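Colleague: Starting off with a structure, shown below.
The values are calculated or read from the model by the stated rules, or taken from the named source; none is laboratory data. From a predicted model like this one, the values you see are computed outputs, not experimental measurements. Because the Cβ atoms are built from the backbone with ideal geometry, glycine has one as well, and the counts that use them run over all protein chains shown. Areas reflect the complete protein model, heavy atoms only, side chains present, ligands, DNA and RNA absent. Shrake-Rupley method; radii C 1.70, N 1.55, O 1.52, S 1.80 Å.
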Amino acid sequence: DIRERLAPLAPAWVTECAFALFVVGIEVILRFLLDRLLPGAAPFALIYPATLAATLFAGWRSGFLVLVVSELLAWHFILPIVGSFQLADGARLLVIFLSGLFTVFLAEAYRSAGQNALRLRHAQLEERNLLLREIEHRIGNNFAMVSGLVDIQRRRSESEDVKAALSAVLARIESFARAHKH
C-alpha cells in the first residue's frame, strides 16, 4: 500500500492524488506511444488497467480519480469531436465510466481482502510467538524444578556412590537446560 509506505512523508489523500496523477501520466505516455504504432486503436483500452493499478496500490479514491481524469482526457482528446467537451458519444462514456466504477469496486474488495488476510496472518504469528515463548519459559521452569529435586535428593543421600550418580544426573540435566536455552 503506497499510502502506508509514504505515511510519514505525506497525508493519505495527498499520496492517493499524487499516485493517481502519476498513473494517469504513465497512461498518457503509453497512449501516445500506442497511437504512434497503431493510430486510433482501442482508444479506451488503458483506462481499465490504469484504474485497476491505482486502486490496488493506493486505494479506491486513487482509482476513482484515475477513472475520472482518464474519462475527461478521452472525452476531450479522443472522442469524435476532438479538442472539445461536446457530448457526442455520451452512451459510450457512461458505459466506460460504469465499467471503470465496477473495476474500482472489485479491485478495492480484493485489496481489502488481501489486507485483512495479512492482518490475520500477523495476529496468528504474534499468537504463535507468544505461545512459543510461554512453552520455552515452562520448559525452562521444568528443567529447574527437576534439577532442584535431583539436587535435594543428592544432598540428602548418605551414600557417596549415590551422590556421585546424582551429581552426574544433575550435570546432564543442566547441560540439557543450557542447550535448550541456547
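Colleague: Measure nothing fancy, just the Cα-based angle from helix 12-37's long axis to the longest principal axis of the chain, in degrees from 0 to 90, nearest 10.
Modeller: 50 degrees
Colleague: Put +1 on the Cβ of every Lys and Arg and -1 on every Asp and Glu Cβ in the chain; which of GLN124, PHE143, ALA165 then has its Cα farthest towards the positive end of the dipole?
Modeller: It is ALA165, whose Cα lies furthest towards the positive end.
Colleague: Based on the Kirkwood radius over alpha-carbon pairs, what is the Stokes-Einstein translational diffusion coefficient of the range 82-182 at 25 °C with 0.890 mPa s viscosity, in µm²/s?
Modeller: In µm²/s, the coefficient rounds to 122.
Colleague: Give me the number: length gained by fully extending LEU30 to LEU94, i.e. 0.36 nm times residue separation minus the C-alpha to C-alpha distance, one decimal in nm.
Modeller: Once the chain is fully extended between LEU30 and LEU94, it gains 20.7 nm.
Colleague: May I ask you to list the GluC sites (Glu not before Pro) in the range 68-171 that are in a DSSP loop and have at most 12 other Cβ atoms within 10 Å of their Cβ?
Modeller: Details: sites: GLU71, GLU108, GLU126, GLU127, GLU134, GLU136, GLU158, GLU160; in loops: GLU158.
Within the range 68-171, the qualifying GluC sites (Glu not before Pro) (loop, at most 12 other Cβ atoms within 10 Å) are GLU158.
Colleague: Follow-up question, since we're still on this one. On C-alpha positions alone, give me the angle between the axis of helix 60-77 and the longest principal axis of the chain, in degrees, nearest 10.
Modeller: Approximately 20 degrees, to the nearest ten.
Colleague: Would you kindly derive the ³J(HN,Hα) couplings of the range 147-156 from the backbone phi angles with the Karplus curve 6.51 cos²θ - 1.76 cosθ + 1.60 (θ = phi - 60°), listing them in order in whole Hz, with x for Gly and Pro?
Modeller: With the stated coefficients, the range 147-156 comes to 4, x, 5, 5, 5, 4, 5, 5, 5, 7 Hz.
Colleague: Rounded, prolate or oblate: which fits the range 1-78, taking a ≥ b ≥ c as square roots of the Cα gyration tensor eigenvalues, rounded meaning a/c under 1.5, else prolate when a/b beats b/c?
Modeller: Because a/c hits 1.5 or more and a/b exceeds b/c, the range 1-78 counts as prolate.
Colleague: So with the 1.4 Å probe, I'd like the accessible area per residue for the chain, rounded to whole Å².
Modeller: Values: 12420 Å² over 182 residues.
Averaged over the residues of the chain, the accessible area is 68 Å².
Colleague: Taking the Cα centre of the range 117-182 as origin, sum charge times position over the Cβ atoms of Lys and Arg (+1) and Asp and Glu (-1), and report the length of that vector in debye to the nearest 20. Can you show the working numbers first?
Modeller: Working: 12 positive and 9 negative charges, 53 e Å.
For the range 117-182, the charge dipole is close to 260 debye.
Colleague: Just the Cα atoms of the chain: what Rg and Dmax do they give in Å?
Modeller: Gyration radius and largest Cα-Cα distance of the chain: 33.3, 109 Å.
Colleague: Keeping all protein chains in position, work out how much accessible area VAL95 exposes to a 1.4 Å probe, and write it in Å² to the nearest 10.
Modeller: About 90 Å², ignoring ligands and nucleic acids.
Colleague: What angle do you read, to the nearest 10 degrees and between 0 and 90, between the alpha-carbon axis of helix 160-181 and the longest principal axis of the chain?
Modeller: Roughly 10 degrees between the two axes.
Colleague: Follow-up question, since we're still on this one. Quote the charge dipole size of the chain about the Cα centre in Debye, to the nearest 20; the model charges only the Cβ of Lys and Arg (+1) and of Asp and Glu (-1).
Modeller: Magnitude of the dipole: close to 440 debye.
Colleague: Where in the range 57-160 are there chymotrypsin sites (Phe, Trp or Tyr not before Pro) that are in a DSSP coil and have at most 15 other Cβ atoms within 10 angstrom of their Cβ?
Modeller: Passing sites in the range 57-160 are PHE85.
Colleague: Ok, one more. Apply the Karplus curve 6.51 cos²θ - 1.76 cosθ + 1.60, θ = phi - 60°, to the phi angles in the range 96-102 and return the couplings in whole Hz, x for Gly and Pro.
Modeller: Taking θ as phi minus 60°, the curve returns 5, 5, 5, 5, x, 4, 5 Hz for the range 96-102.
Colleague: Suppose every K and R has +1 on its Cβ and every D and E has -1 on its Cβ; what is the size of the dipole of the range 1-71 about the Cα centre, in Debye to the nearest 20?
Modeller: Once rounded to the nearest 20, the dipole reads 80 debye.
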